[in-house]
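The values are calculated or read from the model by the stated rules, or taken from the named source; none is laboratory data. Fair warning: this is a prediction, and the values are worked out from it, not measured in the lab. A quick note on method: Cβ atoms are made from the backbone with ideal geometry, for glycine too, and the neighbour counts reach across all protein chains shown.
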Amino acid sequence: MSENLQKEDTSPRTTSMVKLENVSKYYKDFPAVNDISFEIACGEVFGFIGPNGAGKTTTIKMLSTLMMPTAGRMSIGGYDVEREPYEVRRLIGYMPDIFGVYEDLLVWEYLDYFASLYRLGPEQRKRGISDVLELTDLTIKRDAQVMSLSRGMKQRLCLAKTLIHDPEVLLLDEPASGLDPHARIEIRELIRELCRMGKTVLVSSHILTELADFCTSIGIIEAGQLLAAGRIDDITAQLAGHVLLEITVKGDTAFALEVLAERADIQRTTCDGRVIKAEFDGKADDVDEVLEYLVGRGVRLLGFNRAEADLEDIFLKITRGVVA
Ligand SMILES: Nc1ncnc2c1ncn2[C@@H]1O[C@H](COP(=O)(O)OP(=O)(O)OP(=O)(O)O)[C@@H](O)[C@H]1O
Ligand SMILES: [Mg+2]
């Protein structure tokens, strides 16, 4: 009892949902994952990108409590992955890269089987099955045999199974691999929907562009080393050394340029018509300070934006083209 009470006190819902600290995994003396650390905030969609053999599956398996790290610490939702695997398992839905579906079951039986493993009651099971079928667009296949499904449908069924206990964190290992372009788009839409539902998602891929339009943060791993991790705009800023701002001025751009020059964190400005491009030397999250300053000094604005990050560009810079 006192232990439970203590748990409530010591495991608050932190904003960081997934956390890895100096995690390594050696297979004999081969470092498949080498001293990696990163965090995924609550509600983020984290793209875990790297080529074949980079260490993605190994990392995801460790997070899923299926494999012990050789060194380091991991937590999910404040629970220690090694010491509190049962709490962690309740929070996560893990979709492995290679999955077996039980071919001779019916679709609903397959889901019911997994729901029973999570000890969901009959009502919860019924509702859960119908919800996940709906979400994965498989309602129509409820009574079909698993073996009669196409590969793409089986992949969606696997995702449905992953969602059956309504987990808060999803660990999806290459959920779209081996699918045709149409089916890949369907999986992408599904992940987007999960994101709208407020889930925290880690999704791996070796194809950057597949993740680019819906990830809020990324980690790039190569040969067991984490080359970069964080919010996409922070990584871009880190690489470029600045955040690029696009400021559209109403009226006198000269005055706006003067005001910008007063700030030490504005490095360089260029002006094209009413649009000023300014290099901000701070964090992507702090650009509001520049906006406030301009408005406070009486500059009239029509627009104030952060220039879009070109993910492909970042990726090439970081990996120097090693990652295909
Ligand atoms: N059970 C194992 N025993 C020995 N080495 C292993 C084992 N599993 C993985 N490895 C090695 O660890 C490294 C990382 O493998 P991992 O499967 O984590 O990579 P990945 O990023 O998921 O690659 P892919 O894109 O091909 O799925 C590889 O060099 C692999 O050969
Ligand atoms: Mg893998």
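See the values below:
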| item | result |
| --- | --- |
| Flag for Ser150 being surrounded by fewer than 18 Cβ atoms within 10 Å (Cβ to Cβ), small (Gly, Ala, Ser) and under 21 Å from Glu193 (Cα atoms) | no |
| From Arg83, Arg73, Arg119, residue being in contact (Cβ under 8 Å) with a residue 40 or more places away in the chain and either β-branched (Val, Ile, Thr) or surrounded by fewer than 19 Cβ atoms within 10 Å (Cβ to Cβ) (or both) | Arg73 |
| Flag for Val169 being in the same structural domain as Glu39 (by TED's automatic domain parsing), under 26 Å from Gly77 (Cβ atoms), in contact (Cβ under 8 Å) with a residue 60 or more places away in the chain and surrounded by fewer than 22 Cβ atoms within 10 Å (Cβ to Cβ) | yes |
| Some residue of the stretch 231-241 being within 30 Å of Ser75 (Cβ to Cβ) and modelled with pLDDT of 90 or more | no |
| Whichever residue in the stretch 43-55 is under 23 Å from Lys25 (Cβ atoms) and in a strand (DSSP E or B) and, among such residues, is farthest from ligand 2 (Cβ to nearest atom) | Phe46 |
| Qualifying strands (runs of 3 or more DSSP E) (wholly inside the stretch 177-236; at least 1 residues being assigned by TED's automatic domain parsing to the domain that holds Lys56 and among the acidic types (Asp, Glu)) | 217-222 |
| Residue tally, condition within 15 Å of ligand 1 (Cβ to nearest atom) and among the small types (Gly, Ala, Ser), over the stretch 182-223 | 4 |
| Test: residue in the stretch 75-84 that is hydroxyl-bearing (Ser, Thr, Tyr), at pLDDT 95 or above and within 16 Å of ligand 2 (Cβ to nearest atom) | no |
| Failed item, numbered, when Asp97 is tested on (1) within 16 Å of ligand 2 (Cβ to nearest atom); (2) free of Cβ contacts under 8 Å to residues at least 40 places away in the same chain; (3) not hydrophobic (A, V, I, L, M, F, W, C) | (2) |
| Which listed residue is touching a residue at least 12 places away in the same chain (Cβ under 8 Å), buried (at least 18 other Cβ atoms within 10 Å of the Cβ) and in contact with a Cys (Cβ under 9 Å, 6 or more places away or on another chain), from Thr253, Thr216 | Thr253 |
| Selection from the stretch 12-42 of residues that are surrounded by fewer than 14 Cβ atoms within 10 Å (Cβ to Cβ), free of Cβ contacts under 8 Å to residues at least 40 places away in the same chain and in a strand (DSSP E or B) | Tyr27, Phe30 |
